[in-house]
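Read the structure below first, then the notes.
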Amino acid sequence: MTISELTELRAGKKVVFTNGVFDILHAGHVDYLEKARDLGDYLVVALNTDSSVSRLKGPSRPVNSLSDRMRIIGALRCVDCVVSFPEDTPEAIIASIRPDIHVKGGDYTVESLPESRIVLGYGGEVVILPFLEGRSTTGILKKLDES
């Protein structure tokens, strides 16, 4: 589903938005995305482009290209729409889509998210979901380095 199709279908439906790198998909990601989708009718996932991932995570990231990450995330049953954004934060794309709910993982607070002011400013909601304990891309990469 594209953003324009989502806009047409949206009447009376709750759009949930989340964003991130989603570089090496693991059970924690799937659990998080399923819980995000349960909050509304449509889940939009925005992925950082390869250049923004490198700026945020360092020159060895991403491990998987944007096109591969979009294909993998888009194949999940709980995801309705996958988009990308080149900036370090999703403020511009959030202002464009205006989701009802913006979801982030447990390492954030509503106050620490620069996009919160946009979402709250138009009457949306920001929800912080807890992580699935012991699951992280950083942990997977560390294990690989040790082997």
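Each residue of segment 53-69 is assigned a 3J(HN,Hα), and the resulting list reads 4, 4, 5, 7, 10, x, x, 8, 10, x, 6, 10, 5, 4, 4, 5, 5 Hz, derived from the Karplus form 6.51 cos²θ - 1.76 cosθ + 1.60 (θ = phi - 60°), x at Gly and Pro.
Listing HIS26, HIS102 from the residue with the fewest other Cβ atoms within 10 Å to the one with the most, what is the order?
Result, fewest neighbours first: HIS26, HIS102.
The lysine pair count for segment 13-146, using Cα distances under 27 Å and pairs eight or more places apart or on different chains, is 13.
Each Cα pair under 8 Å and six or more residues apart adds its separation to the average, and for the chain the resulting relative contact order is 28 percent. Entry note, the chain: the mean residue ellipticity at 222 nm calculated from DSSP H runs of n ≥ 4, each adding -39500 (n - 2.57), is -11000 deg cm²/dmol after division by the residues and rounding to the nearest 500. A cut-off of 5 Å between modelled amide H atoms, ignoring neighbours fewer than 5 places along the same chain, links THR49 with PHE85.
FYI, it's all coordinate maths here, none of it is from the lab. Note that the structure is a prediction, hence the values are computed from the model and not measured. Cβ coordinates were reconstructed from backbone atoms using ideal geometry, including for glycine residues, and neighbour counts include every protein chain displayed.
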